[in-house]
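Step one of this worksheet: look at the structure below.
Where a number appears in this text, it was derived from the coordinates with a stated rule and is not lab data. Keep in mind that what you see is a predicted model, and the values were worked out from it rather than measured. Glycine gets a Cβ as well: all are built from the backbone with ideal geometry, and neighbour counts include every protein chain shown.
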Amino acid sequence: MAIIEVKNLKKKYGPPAGGLTAVDNISFEVNEGEVFGILGPNGAGKTTTLEMIEGLKGITSGQAFLDGHDVSKDTRTVKSLIGVQLQSSSFFEGLNLLELLETFGALYNRKVDAMELLREVQLEEKAKSQHKELSGGQKQRFSIAAALVNDPKVLFLDEPTTGLDPQARRNLWELITEINKKGKTVVLTTHYMDEAEILCDRIAVMDHAHIIALDTTQNLLKLPGLSTSIHFLVDKPLDIEQLKAITGVTSVQSEDHTYRLTTDNSEATLSDLFKLSREAGVKLVDLQLHQPTLEDVFLKLTGHGLRD
Ligand SMILES: Nc1ncnc2c1ncn2[C@@H]1O[C@H](COP(=O)(O)OP(=O)(O)OP(=O)(O)O)[C@@H](O)[C@H]1O
Ligand SMILES: [Mg+2]
């Protein structure tokens with residue numbers, strides 16, 4: 001079931017003539033219970049899209065529905081159903097983490113078990129600390145706890161791991177996965193391919209205000225024209241025709257003692273390749289398998305990389 005429905009959504013900034021169209025007529029649905037990612041480079045329109053759905057930003061044309069409520073008409077209801085990760089700068093000074101969460105709960109007229117929320121984001125030892133005393137990763141986790149005070153159905157995360165070190169990013173991925181497992185729908189934006197690949201059930205790829213692809217992560221990686229390649233070095237030359245005859249192989253390139261095979265069945269190709277080299281008494285060195293990534297998908301779809 002769709003918990004979010006976006007229909008021909010458009011956002012224009014600036015004067016009607018010559019203004020900038022940040023989001024241009026996009027449509028998509030988010031299913032209840034999934035982790036939905038919006039992936040795209042800087043300026044693609046990701047934040048603008050989220051903020052329109054959250055009811056925080058006016059819609060130029062089109063509609064968005066959250067759990068059946070029109071976000072531009074039933075804004076209050078929508079706000080009660082969603083959790084939005086706040087920018088860290090907006091936290092009051094002088095209150096500790098427990099007090100902050102209780103205060104946010106009061107804003108929603110809710111009594112919250114602040115300690116339980118802190119436990120959920122692994123910050124219970126920091127309960128009596130001030131926000132400014134937290135590390136970058138801890139701040140991000142706290143902002144997620146803050147977004148959960150009203151027990152929302154949908155959690156919105158705008159680039160949740162930007163600026164974090166690899167370990168802190170992985171911790172946050174685990175946290176997001178845990179929250180999702182407990183039944184919350186998660187909508188996040190990112191320009192990290194690995195993040196999208198690991199976390200998201202489905203991904204909308206955005207570029208220049210448009211959605212240029214939307215599918216499950218697995219299907220996006222099966223886009224025609226993307227192939228797996230196998231690279232290796234040899235101590236003695238291998239026969240090109242024999243390599244071409246290997247199961248799954250779609251092309252063979254060789255230069256000096258380096259070979260590059262593309263394949264549509266990497267397992268079968270690898271197994272045949274090992275057999276062939278063993279029989280020919282050839283040693284394979286530095287064997288590498290390159291499987292398509294979302295980076296390749298993006299390049300294929302747009303003709304340019306994610307970062308310019
Ligand atoms: N308040 C605003 N007024 C005018 N233009 C804006 C405003 N907010 C965003 N824009 C423009 O709209 C376009 C989309 O911006 P948006 O913030 O939605 O992109 P984004 O995909 O979130 O980018 P990033 O990855 O950098 O966060 C950009 O060209 C941006 O400059
Ligand atoms: Mg943004």
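Taking each DSSP H run with n ≥ 4 as -39500 (n - 2.57) and averaging over every residue of the chain yields -9500 deg cm²/dmol at 222 nm. The Cβ shell under 10 Å around Thr162 holds other residues with a net charge of -2, Lys and Arg each +1, Asp and Glu each -1. Between the listed residues Leu117, Ile144, Ile246, the Cα displaced farthest toward the positive end of the dipole of the stretch 106-254, a dipole computed from Cβ unit charges relative to the Cα centre, is found at Leu117.
For the chain, the longest principal axis of the alpha carbon atoms and the long axis of helix 136-147 meet at an angle near 50°. May I ask you to derive the relative contact order of the stretch 2-220, considering only C-alpha pairs under 8 Å and at least 6 residues apart, and to give it as an integer percent? Relative CO of the stretch 2-220 lands at 28 percent.
Taking only the Cα atoms of the chain, the radius of gyration and Dmax are 24.1, 75 Å. By the count of other C-beta atoms within 10 Å, a proxy for reagent exposure, Met1, Met206, Met115 are ordered fewest to most as Met1, Met115, Met206. The fraction of all Cα pairs in the stretch 1-135 landing in successive 5 Å bins from 0 to the largest distance is 2, 9, 15, 17, 15, 14, 13, 10, 4, 1, 0, given as whole percents. A Cβ-based charge dipole, computed about the Cα centre of the stretch 49-151 with Lys and Arg at +1 and Asp and Glu at -1, lands at about 180 debye. Our summary gives the stretch 228-291 a relative contact order of 49 percent, counting only alpha carbon pairs under 8 angstrom and 6 or more residues apart. The charge dipole of the chain, taken about its Cα centre with unit charges on the Cβ atoms of Lys, Arg (+1), Asp and Glu (-1) only, comes to about 700 debye. Computed over all pairs of different Cα atoms, the Kirkwood value for the hydrodynamic radius of the stretch 156-261 is 17.3 Å. Would you mind checking the tilt of helix 166-181 against the longest principal axis of the Cα atoms of the chain, expressed as 0 to 90 degrees and rounded to 10? Between helix and principal axis, roughly 70 degrees.
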